[in-house]
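Colleague: I'd like to ask some things about the structure below.
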Amino acid sequence: MTESARTIEEGFQPSSSAQSPSRRALRRFRRNQPAMAGLLALIAIALVCVFGPLLSPHPYDRVYRDYVKIAPSLAVHPTEAEKSRIVARAAGESEGVVEARLQPIVFPLGTDSNGRDLWARLLIGGRVSLLVGALASAVALVNGVAYGAIAGYFGGRVDLVMMRIVDVLYALPFIFFVILLIVVLGRSFLLVVAAIGAVEWLDMARIVRGRALSLKRQDYVLAAEALGVDARGVLLRHIVPNLIGPVIAYLTLVAAKVILLESFLSFLGLGVQEPMTSLGALIADGARNIEDAPGMLIFPAALLSALLLALTLIGEGLSDALGARER
């Protein structure tokens with residue numbers, strides 16, 4: 001190869017400055033230490049909550065009536081005092097039942113007011129809260145992006161009518177809306193997801209609508225319209241793909257808000273039904289027993305705080321990396 005050919009070949013090699021926007025955004029996100037810490041924490045929490053119950057020796061709904069409000073400890077139960085109490089209470093029961101109740105057992109985070117293992121219930125509560133956050137965020141994503149993109153692209157009277165509908169929905173009290181749904185449809189996990197998703201898409205729609213108003217004036221959108229591309233094609237090929245950055249950045253913040261709303265509903269007793277639980281329900285139970293068993297409040301509150309902090313750090317990092325926030 002001649003020197004001139006080698007020079008030409010080297011000139012066509014991609015430089016670091018010629019990387020795609022997505023790769024540059026990924027590099028900026030990786031350099032954001034708080035965001036990476038939040039991502040690792042979220043992954044760790046998700047893995048523990050998803051797979052932890054499968055490895056737990058205690059079912060989340062099993063009641064150990066001999067161990068109510070046991071303090072967190074790695075000590076093996078029953079102790080000598082507990083053995084004497086169990087034997088006295090088991091008078092008249094079969095020998096096999098008594099032996100089963102005297103089997104060695106450990107409660108690392110203690111038990112709740114009904115004698116259920118708090119570690120197993122904490123993992124199930126975290127799993128439920130994560131699942132609600134994921135599903136309700138997906139509902140908000142689909143509805144909000146579709147609604148906001150259509151309103152922003154068409155503008156005019158279409159935008160005026162659609163956004164006034166959003167304003168009316170904003171005016172409805174959220175708690176009243178949820179209570180009404182529960183009275184009509186009954187309390188269930190899917191109802192909680194539907195209720196939260198039916199409200200949280202409003203913020204997403206407003207953000208997407210504002211971005212779509214800006215995008216529809218870009219040269220590539222005007223060129224597509226001049227070439228005869230219909231509205232559906234423009235939305236799917238040019239508007240929605242260019243909304244990915246702001247949407248992804250905001251979605252993590254929506255997930256944090258959704259989890260907080262679900263915990264609030266469960267705290268009020270409007271969430272999942274017993275024996276299923278969530279972090280909000282565990283916090284409510286811990287608040288009622290804070291004097292006798294403070295661990296019942298501390299552990300679920302700490303997990304909820306860690307989860308919300310991780311999602312917030314990820315959202316802030318994505319906003320910086322994707323340029324979704326003004327600097």
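Colleague: Which residue, of 262, 274, is out of contact with any Lys or Arg (no Cβ under 9 Å at 6 or more places or on another chain), among the charged types (D, E, K, R), within 14 Å of residue 128 (Cα to Cα) and crowded, with 18+ Cβ neighbours inside 10 Å? Walk me through how you get there before you give the answer.
Modeller: Details: 274 fails: crowded, with 18+ Cβ neighbours inside 10 Å.
From the options 262, 274, the qualifying one is 262.
Colleague: Next question, about the same structure. Taking segment 287-302 on its own, how many of its residues are closer than 19 Å to residue 127 by Cβ and either touching a Phe, Trp or Tyr at 6+ places or on another chain (Cβ under 7 Å) or in contact (Cβ under 8 Å) with a residue 40 or more places away in the chain (or both)? Walk me through how you get there before you give the answer.
Modeller: Going residue by residue through segment 287-302, those that are closer than 19 Å to residue 127 by Cβ are 296, 299-302.
Narrowing the set further to residues that are either touching a Phe, Trp or Tyr at 6+ places or on another chain (Cβ under 7 Å) or in contact (Cβ under 8 Å) with a residue 40 or more places away in the chain (or both) leaves 296, 299-300.
Looking only at that region, the number is 3.
Colleague: Next question, about the same structure. Looking at the structure I just gave you, is residue 234 of a type in the set (Val, Ile, Thr), more than 18 Å from residue 135 (Cβ to Cβ), free of Cβ contacts under 8 Å to residues at least 60 places away in the same chain and in the same structural domain as residue 273 (by TED's automatic domain parsing)? Don't jump to the end; show me each part of the working.
Modeller: Details: of a type in the set (Val, Ile, Thr): yes; more than 18 Å from residue 135 (Cβ to Cβ): yes; free of Cβ contacts under 8 Å to residues at least 60 places away in the same chain: no; in the same structural domain as residue 273 (by TED's automatic domain parsing): yes.
Against the criterion (of a type in the set (Val, Ile, Thr), more than 18 Å from residue 135 (Cβ to Cβ), free of Cβ contacts under 8 Å to residues at least 60 places away in the same chain and in the same structural domain as residue 273 (by TED's automatic domain parsing)), residue 234 does not qualify.
Colleague: Name the residues in segment 65-105 that are touching a strand residue (DSSP E or B) at 6+ places or on another chain (Cβ under 7 Å), of a type outside the set (Val, Ile, Thr) and without any contact (Cβ under 8 Å) to a residue 40 or more places away in the chain, would you?
Modeller: 74, 77, 104
Listed here are the residues, each with its yes/no results for (1) in contact with a Lys or Arg (Cβ under 9 Å, 6 or more places away or on another chain); (2) surrounded by 14 or more Cβ atoms within 10 Å (Cβ to Cβ); (3) under 19 Å from residue 273 (Cβ atoms).
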{"position": "120", "(1), (2), (3)": "yes, yes, yes"}
{"position": "130", "(1), (2), (3)": "no, yes, yes"}
{"position": "151", "(1), (2), (3)": "yes, yes, no"}
{"position": "180", "(1), (2), (3)": "no, no, yes"}
{"position": "191", "(1), (2), (3)": "no, yes, yes"}
{"position": "201", "(1), (2), (3)": "no, yes, no"}
{"position": "215", "(1), (2), (3)": "no, yes, no"}
{"position": "221", "(1), (2), (3)": "no, yes, no"}
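Conditions (1) in contact with a helix residue (DSSP H, G or I) (Cβ under 9 Å, 6 or more places away or on another chain); (2) at pLDDT below 90; (3) not assigned by TED's automatic domain parsing to the domain that holds residue 126, marked per residue:
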residue	(1), (2), (3)
273	yes, yes, no
284	yes, no, no
292	no, yes, no
296	yes, no, no
301	yes, no, no
304	yes, no, no
310	yes, no, no
318	yes, yes, no
327	yes, yes, yes
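Colleague: Hand me the list of helices (runs of 4 or more DSSP H) wholly inside segment 95-190 holding 2 or more residues that are at pLDDT below 85.
Modeller: Details: elements: 95-101, 118-154, 156-171, 174-185.
Ranges flagged: 95-101, 156-171, 174-185.
Colleague: Just one of 266, 278, 305 is free of Cβ contacts under 8 Å to residues at least 12 places away in the same chain and within 29 Å of residue 182 (Cα to Cα); which is it?
Modeller: Values: 266 fails: free of Cβ contacts under 8 Å to residues at least 12 places away in the same chain; 278 fails: free of Cβ contacts under 8 Å to residues at least 12 places away in the same chain.
Result of the check over 266, 278, 305: 305.
Colleague: Right, residue 216: under 18 Å from the mean Cα position of the chain (by Cα), assigned by TED's automatic domain parsing to the domain that holds residue 297, of a type in the set (Lys, Arg) and modelled with pLDDT of 85 or more or not? Write out each step before concluding.
Modeller: Values: under 18 Å from the mean Cα position of the chain (by Cα): no; assigned by TED's automatic domain parsing to the domain that holds residue 297: yes; of a type in the set (Lys, Arg): yes; modelled with pLDDT of 85 or more: yes.
Spelling it out, it is not the case that residue 216 is under 18 Å from the mean Cα position of the chain (by Cα), assigned by TED's automatic domain parsing to the domain that holds residue 297, of a type in the set (Lys, Arg) and modelled with pLDDT of 85 or more.
Colleague: Restricting attention to segment 277-294, and to residues there that are surrounded by fewer than 18 Cβ atoms within 10 Å (Cβ to Cβ) and of a type in the set (A, V, I, L, M), which single residue is nearest to residue 68 (Cα to Cα)?
Modeller: If we filter segment 277-294 for residues that are surrounded by fewer than 18 Cβ atoms within 10 Å (Cβ to Cβ), which is where we start, we get 287-292, 294.
Adding the requirement that they be of a type in the set (A, V, I, L, M) leaves 287, 290.
Values: 287: 16, 290: 14 Å.
Ranking the qualifying residues of segment 277-294, first place goes to 290.
Colleague: When you look at residue 129, is it touching a residue at least 40 places away in the same chain (Cβ under 8 Å) and touching a helix residue (DSSP H, G or I) at 6+ places or on another chain (Cβ under 6 Å), yes or no? Steps first, please.
Modeller: Working: touching a residue at least 40 places away in the same chain (Cβ under 8 Å): yes; touching a helix residue (DSSP H, G or I) at 6+ places or on another chain (Cβ under 6 Å): yes.
Yes.
Colleague: Considering only segment 169-185, I want to know if a residue exists there that is over 21 Å from residue 258 (Cβ atoms) and not polar (S, T, N, Q).
Modeller: The initial filter retains those residues of segment 169-185 that are over 21 Å from residue 258 (Cβ atoms), namely 183-184.
Filter again for not polar (S, T, N, Q), leaving 183-184.
So far as segment 169-185 goes, yes, one or more of its residues are over 21 Å from residue 258 (Cβ atoms) and not polar (S, T, N, Q).
The values are calculated or read from the model by the stated rules, or taken from the named source; none is laboratory data. Note that this is a predicted model, so its numbers are computed, not measured. Methodologically, a virtual Cβ is constructed for each residue, glycine included, from the backbone with ideal geometry; neighbour enumeration extends over all protein chains shown.
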